[in-house]
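Please find one structure pasted underneath; my questions will follow.
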Amino acid sequence: MKKMKWMIPALSMAVVVAGCRKDDSPVVPTPVTAGVYVLNEGNWGKNNTTLTYYDLNTSKASTDFYESVNGSKLGDTGNDILIYGSKLYIVMNVSSYVEVAEAATARSIKKIEMTNGGSDRSPRYAIPYKNKVLISSYDGTVAVLDTASLTIDQFITVGSNPEQMEIVGDKLYVANSGGLNFPVYDSTISVVDLLTMKETSKIKVGISPVKLAAGDGNLFVICSGNYMDVGPELVSVSLTTDRGIIRRDFNGGAIRYYDGKLFASTGYGAASPGVSVLSPASLATTTENFISDGTTVTTPYGLNVDPETGDVFVTDAKDYVSSGEVFCFDKTGKKKYSFMVTPGIGPNKAVIVKK
Amino acid sequence: MPKRKNIFFACCLPLVLSLCAHAQDSTRRTLDSVLVNTRSNRYDANLPRQVLGNDILRRINPQSVGDAARLFAGVLVRDYGGIGGLKTISVRNLGASHTGVLFDGIPVADMQSGQVDLGRISMRLVERITVSQAHDRTPLLPARSYASAAVLSVESVFNQPDTTQQWQWGAALDAGSYGWWKPSIFVKAPLSKNTHIGALVEYNRSKGNYPYHIDNGSQSTDERRQNADIRSTLAMVHLQHLFADSSSIVSHVSWYGSERGLPGALVFFSNRNTGQRLTDNEFSIQSVYRKKTGSRSSVKLAGKFNHQYTKYLDPYFQNNAGYLENNYRQFESWLSGAISYRISNRLSASWASDLSYAWLQADLSNFAFPGRWSNWNAGGLQYSHHGLDLNGLLLHSYVHDNVKTGTAPEDRHALSPTLAAGWRPRENSPFLIRAFYKHSFRMPSFNDLYYVFTGNRALRPEKAKQYNLGITGQWKGLPGNYLHASADIYYNQVTDKIIAIPGQNLFMWTMLNLGRADIRGMDISAESGYSLACEWTLLARLAYTMQKAIDLSNPALSTYKNELPYTPRHSGSAFAGAGWRNWSAGWTAMLSGKRYVLGDNHPANQVAGWMTHDLSLKKIIHRQRHSASIGLFVNNILDARYDVIRYYPMPGRNYSVQLQIQQL
């Protein structure tokens, strides 16, 4: 606890500063029209996580939008971004906090420190649920953040090094990657009853589950494998019937379910990078390349679907150390627009700002 | 353009000082243009070389060889801050792995990382440090020393044959800011008329808790470095024997142990103690046998065994065990033979062959347990006549790896030619015009090839081509009065550059031969010394580098044709020292221009340049064979806030004192 002493004044200062800015900040809030926020994770140890705002009217991308609004940088390795209600949540993995900002302006409201005693919890992903935001952290917990009070109600203990989450009804599914437990990873999905906020069971899937999608009564899981003899695979678990598990070898980067289709971006080192469409029932590939107009995405990284329009956002991490790019495709796989996030590195998620 | 002014000031000051000093004494107004013996001078050679001698080293009192190396032109020291922080050097932007390191003529190597941490080489008993481009031209060097693109050579007092028949001893105590204590003691004694023994013990400890500033706009804070402490002990025993036929054998046993914190990069909003610790234990034994085998030839045989144990501990690692501990053991056995032969007055030849076997053990799952046989053979010819000096050297490197798990990579062969020419317009001209070409390789390190996840066994050696054209001049007047100056322009090409590409998540990076870099630059260095009336002496030194290193790896990326990270266009150093009777004082300035910290040359990735000033004052008292001295040092006197590697802050203004007594 001794180490933490300095944090108390530092953090209260931060809160005071953030609190003051609401009233007498010299920065005039920029009114934000409908656009896209992109979280660029940056590189580990370089404090270069940035936020891009792409304005759909002017077709201009501004990076680092967060810094230009707030006068400070986000920090190190932003892993996930979420808009829920009027707020924007940015999950900072290495800086180990959750940024809460106004969705319309990106103006900071609060930084929620994710620590446990003297050590970082290292948060990874966030998902909304009934006025709460659930945050998975590498320390094996899911935090329940109240979106009104912006305090953490409780921590739910799950498996090791949890990554993505999905919610179906009042059940939360958490991918327990065990990614820091080389060579014996975790291979389960934690099932949490959100009415009691307790883990009720675990589903065994494949080695090191990381990414999740849900739809058609199924949970789709990308398992990384063990980087040795077991390769990456895609697993489908039926949540409604007891048909068991369907699996196929699949080097997938990210998966999203939308409108009866399963979209999957290629994983690391794929021969022909792109986005394919799979059948949710059989996991068989129905469309080899979703991108139908010949647009090339060098290194697909993040994959999102706008639930209202069906637009598919693909972020391009390039070589992970130079400026990335973001592509928006319509339902048919034709490019609507694209923009560079310069100097943002490793864009990993695009979220739509509605107004 | 205030920065320009700084550069101008830094460049001109030593010259101005020299000129003023010179004008004071009219009897020394004319500098004699006397050709100096090539062996004793510091800059005059076909291959560019720079020397830092005892005269300057004593006054700046660097904490390690890594700190001293910052005074060389063309050398960038990657300094992660603090006494325990990693310090590696990159010569002419070729990268640390292309720089060979010699200690008393014996290669110092780290097969695991391919880079030597110069923060660990003690400055105690160091007589001089030399940086040579292409290779060092000291006769009878091992073949391995020709393998790198540049060589940093450290020579200790033990490198010179000892003939004194009296006991010598010395004790020193350094103490300074942030809990720094460094006591040391050395003894040299004659065991018989022709046998001498020497020993050195040095203990070093530092808390390293220096203050720094986190610059994050409205969220900026002032902090102190945490977990940056170090404790280390060095013990060395040296034995030499001169045989009746004037051949000699010199043996060296050394042990270095250290335990330090790894403070890591500062992380915004999570600037907690990382808790990570590193423990090292290194033992080495080396022997060198030299013999003059006739009027025309000499031979040298050398051998070394080295064992390095490293333990890494992360007490907050988020696995099921709740911590991570890795243990590594690195071993190397090395043998070398070298011969030189003077064929005629104009032509001489040399040959060196080295054989080494290195292996690495680690308590990592699925670890490769690599072993490596290396064989280097180098043949050289030297021709000198009428002011023309030509050198050619061809090195053949062969590497064979074996592994316990998986398949070993293919054997690797590489030929490294070096061609150098020097030409003096007239026999007694102070000027020498020089040019060289070298094509060298760096073999992938064990980490590059076998590190779990990231290692890639298909890696090829990284290639570096160097072209250099330069001029050097020297003038020597009365004893103690001299001026050396040299200027070189160069073009380097790095292909098959080994770079790490991060993967889909935190655990999957991989090493690939993807990079290509073009480096153009100019190095300027000068040193001048003057002895004046009334026991005044002056010494000035200047090093300046202008370079442009660009990334030509992939035209599709935003980094294409951008400057490489951490390659300032302008960098340099200046030293000025004055001595009067038993007093000496020194001023050192270090300068780095603005540079980019990432490959994307966007303004957001640019950091401002920095300049630091250090001052020293020393008084020495001699009583027959005894002497005592006290030195006061103020480093970074203007308290510049800077970092060499972004988010690894460097200390601000700090102080140290050195007390020394010795009997020589």
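Taking segment B:223-236, which residues are surrounded by fewer than 17 Cβ atoms within 10 Å (Cβ to Cβ) and either at pLDDT 95 or above or more than 28 Å from B:Gly84 (Cα to Cα) (or both)?
Residues satisfying the conditions are B:Arg231, B:Thr233, B:Ala235.
Here is a yes/no grid of residues against (1) at pLDDT below 90; (2) closer than 21 Å to B:Ala487 by Cα; (3) within 15 Å of the chain's Cα centre (by Cα); (4) surrounded by fewer than 24 Cβ atoms within 10 Å (Cβ to Cβ):
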site: B:Leu35; (1), (2), (3), (4): yes, yes, no, yes
site: B:Thr38; (1), (2), (3), (4): yes, yes, no, yes
site: B:Val65; (1), (2), (3), (4): no, no, yes, no
site: B:Ala69; (1), (2), (3), (4): no, yes, yes, no
site: B:Leu76; (1), (2), (3), (4): no, yes, yes, no
site: B:Gly84; (1), (2), (3), (4): yes, no, no, no
site: B:Val108; (1), (2), (3), (4): no, no, yes, yes
site: B:Leu125; (1), (2), (3), (4): yes, no, no, yes
site: B:His135; (1), (2), (3), (4): no, yes, yes, no
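Between A:Gly78, A:Gly71, A:Gly45, which is at pLDDT 95 or above and farther than 30 Å from A:Tyr173 by Cβ? Spell out how you get there, then give the answer.
Numbers: A:Gly78 fails: farther than 30 Å from A:Tyr173 by Cβ; A:Gly45 fails: at pLDDT 95 or above.
A:Gly71 is the lone residue from the list that is at pLDDT 95 or above and farther than 30 Å from A:Tyr173 by Cβ.
What's the number of the condition B:His613 fails, among (1) within 14 Å of another protein chain (Cβ to nearest Cβ); (2) under 25 Å from the mean Cα position of the chain (by Cα)?
Only one criterion is unmet by B:His613, namely (1).
Same structure, new question: Checking B:Ala640 against (1) crowded, with 18+ Cβ neighbours inside 10 Å; (2) away from chain A (no Cβ under 14 Å); (3) assigned to a loop (DSSP other than H, G, I, E, B): exactly one of these is not met. Which one?
(1)
Matching residues to (1) within 21 Å of the chain's Cα centre (by Cα); (2) part of a loop (DSSP other than H, G, I, E, B); (3) at positive phi; (4) not acidic (Asp, Glu):
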position	(1), (2), (3), (4)
B:Lys561	no, yes, yes, yes
B:Tyr566	yes, yes, yes, yes
B:Ala574	yes, no, no, yes
B:Thr588	yes, no, no, yes
B:Leu591	yes, no, no, yes
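Here is a list: A:Ala254, A:Ala350. Which entry is assigned to a strand (DSSP E or B), within 14 Å of chain B (Cβ to nearest Cβ), among the small types (Gly, Ala, Ser) and within 30 Å of A:Gly85 (Cβ to Cβ)?
Result: A:Ala254 is the single residue among A:Ala254, A:Ala350 that is assigned to a strand (DSSP E or B), within 14 Å of chain B (Cβ to nearest Cβ), among the small types (Gly, Ala, Ser) and within 30 Å of A:Gly85 (Cβ to Cβ).
Matching residues to (1) assigned to a strand (DSSP E or B); (2) under 24 Å from the mean Cα position of the chain (by Cα); (3) under 18 Å from B:Ser148 (Cα atoms); (4) touching a residue at least 40 places away in the same chain (Cβ under 8 Å):
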site: B:Leu469; (1), (2), (3), (4): yes, yes, no, no
site: B:Gly473; (1), (2), (3), (4): yes, no, no, yes
site: B:Asp488; (1), (2), (3), (4): yes, yes, no, yes
site: B:Asn492; (1), (2), (3), (4): yes, yes, yes, yes
site: B:Thr510; (1), (2), (3), (4): yes, no, no, yes
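Filter segment A:64-86 down to residues that are among the charged types (D, E, K, R) and buried (at least 21 other Cβ atoms within 10 Å of the Cβ) and give me whichever is farthest from the other protein chains (Cβ to nearest Cβ).
Restricting to residues being among the charged types (D, E, K, R) and buried (at least 21 other Cβ atoms within 10 Å of the Cβ), the top hit is A:Asp80.
Separate question: Whether any residue in segment B:499-521 is out of contact with any strand residue (DSSP E or B) (no Cβ under 9 Å at 6 or more places or on another chain), modelled with pLDDT under 95 and under 30 Å from A:Thr299 (Cα atoms) is what I want to check. Outline the logic, then answer.
Taking segment B:499-521 first, the residues out of contact with any strand residue (DSSP E or B) (no Cβ under 9 Å at 6 or more places or on another chain) are B:506-507.
Imposing the further condition that a residue be modelled with pLDDT under 95 reduces the set to B:506-507.
In the following step, the residues that additionally are under 30 Å from A:Thr299 (Cα atoms) were identified as B:506-507.
Yes, there is a match, as at least one residue in segment B:499-521 is out of contact with any strand residue (DSSP E or B) (no Cβ under 9 Å at 6 or more places or on another chain), modelled with pLDDT under 95 and under 30 Å from A:Thr299 (Cα atoms).
Now, a different point. Out of segment B:161-177, which residues are of a type in the set (A, V, I, L, M, F, W, C) and assigned to a strand (DSSP E or B)? Explain how you work it out, then say what you get.
The initial filter retains those residues of segment B:161-177 that are of a type in the set (A, V, I, L, M, F, W, C), namely B:167, B:169, B:171-173, B:175.
Listed by number, the residues that qualify are B:Trp169, B:Ala171, B:Ala172, B:Leu173, B:Ala175.
In the set B:Ala420, B:Ala435, which member is aliphatic (A, V, I, L, M), crowded, with 18+ Cβ neighbours inside 10 Å and modelled with pLDDT of 95 or more?
After ruling out the rest, the residue left standing is B:Ala420.
Residues are listed down the side, and each one gets a yes or a no for (1) out of contact with any Phe, Trp or Tyr (no Cβ under 6 Å at 6 or more places or on another chain); (2) within 14 Å of chain A (Cβ to nearest Cβ); (3) surrounded by 15 or more Cβ atoms within 10 Å (Cβ to Cβ):
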| position | (1), (2), (3) |
| --- | --- |
| B:Lys182 | yes, no, yes |
| B:Ile185 | yes, no, yes |
| B:Leu191 | yes, no, no |
| B:Glu202 | yes, no, yes |
| B:Lys207 | no, no, yes |
| B:Asn216 | no, yes, yes |
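Is it the case that A:Lys318 is more than 13 Å from B:Leu557 (Cα to Cα) and free of Cβ contacts under 8 Å to residues at least 60 places away in the same chain?
Numbers: more than 13 Å from B:Leu557 (Cα to Cα): no; free of Cβ contacts under 8 Å to residues at least 60 places away in the same chain: yes.
Answer is no for this residue.
On to the next question. A:Lys110: more than 9 Å from every other protein chain (Cβ to nearest Cβ) and farther than 22 Å from A:Val36 by Cβ, yes or no?
In short, yes.
Going through segment B:564-604 one residue at a time, which ones are within 14 Å of chain A (Cβ to nearest Cβ) and in contact with a Gly (Cβ under 8 Å, 6 or more places away or on another chain)?
The answer is B:Leu564, B:Pro565.
Quick one: A:Val184 ticks every box in (1) free of Cβ contacts under 8 Å to residues at least 40 places away in the same chain; (2) hydrophobic (A, V, I, L, M, F, W, C); (3) in contact with a strand residue (DSSP E or B) (Cβ under 7 Å, 6 or more places away or on another chain) except a single one, so which number is it?
(3)
Can you tell me how many residues within segment B:178-212 are more than 23 Å from B:Gln168 (Cβ to Cβ) and touching a residue at least 40 places away in the same chain (Cβ under 8 Å)?
8
Within 14 Å of another protein chain (Cβ to nearest Cβ) and more than 20 Å from the chain's Cα centre (by Cα), is that true of A:Ala270?
Spelling it out, A:Ala270 is indeed within 14 Å of another protein chain (Cβ to nearest Cβ) and more than 20 Å from the chain's Cα centre (by Cα).
Can I ask one more? Of all residues being surrounded by fewer than 19 Cβ atoms within 10 Å (Cβ to Cβ) and among the hydrophobic types (A, V, I, L, M, F, W, C) in segment A:215-236, which is farthest from A:Arg247 (Cα to Cα)? Just the residue, please.
Selected residue: A:Met228.
Condition (residue is over 22 Å from B:Gly85 (Cβ atoms) and small (Gly, Ala, Ser)) applied to segment B:314-324: is it met by at least one residue?
Yes, segment B:314-324 contains a residue that is over 22 Å from B:Gly85 (Cβ atoms) and small (Gly, Ala, Ser).
Can I ask one more? Could you tell me which numbered condition B:Ala556 fails, if it satisfies all but one of (1) outside any strand (DSSP E or B); (2) without any contact (Cβ under 8 Å) to a residue 40 or more places away in the chain; (3) away from chain A (no Cβ under 14 Å)?
(3)
Now for a separate question. Name every residue in segment A:93-132 that is surrounded by fewer than 20 Cβ atoms within 10 Å (Cβ to Cβ) and either within 15 Å of A:Lys349 (Cβ to Cβ) or aromatic (Phe, Trp, Tyr) (or both), in order of residue number.
Result: A:Pro128, A:Tyr129.
Turning to a different aspect of this structure: Tell me which residues, restricted to segment A:306-325, are modelled with pLDDT of 95 or more, away from every other protein chain (no Cβ under 14 Å) and within 15 Å of the chain's Cα centre (by Cα).
Answer for segment A:306-325, where residues must be modelled with pLDDT of 95 or more, away from every other protein chain (no Cβ under 14 Å) and within 15 Å of the chain's Cα centre (by Cα): A:Phe313, A:Val314.
For the condition surrounded by fewer than 22 Cβ atoms within 10 Å (Cβ to Cβ) and either modelled with pLDDT under 95 or over 17 Å from A:Lys198 (Cβ atoms) (or both), what is the one hit in A:Asp146, A:Asp153, A:Asp170?
One residue alone meets the criteria, A:Asp146.
Mind listing just one residue for me: the one in segment A:326-344 that is of a type in the set (Gly, Ala, Ser) and in a strand (DSSP E or B) and, of those, nearest to the other protein chains (Cβ to nearest Cβ)?
By that ranking, first place goes to A:Gly344.
The values are calculated or read from the model by the stated rules, or taken from the named source; none is laboratory data. Small disclaimer: the values here were computed from a predicted structure and weren't measured. As a convention, Cβ positions derive from the backbone with ideal geometry for all residues, glycine included, and neighbour counts pool all protein chains shown.
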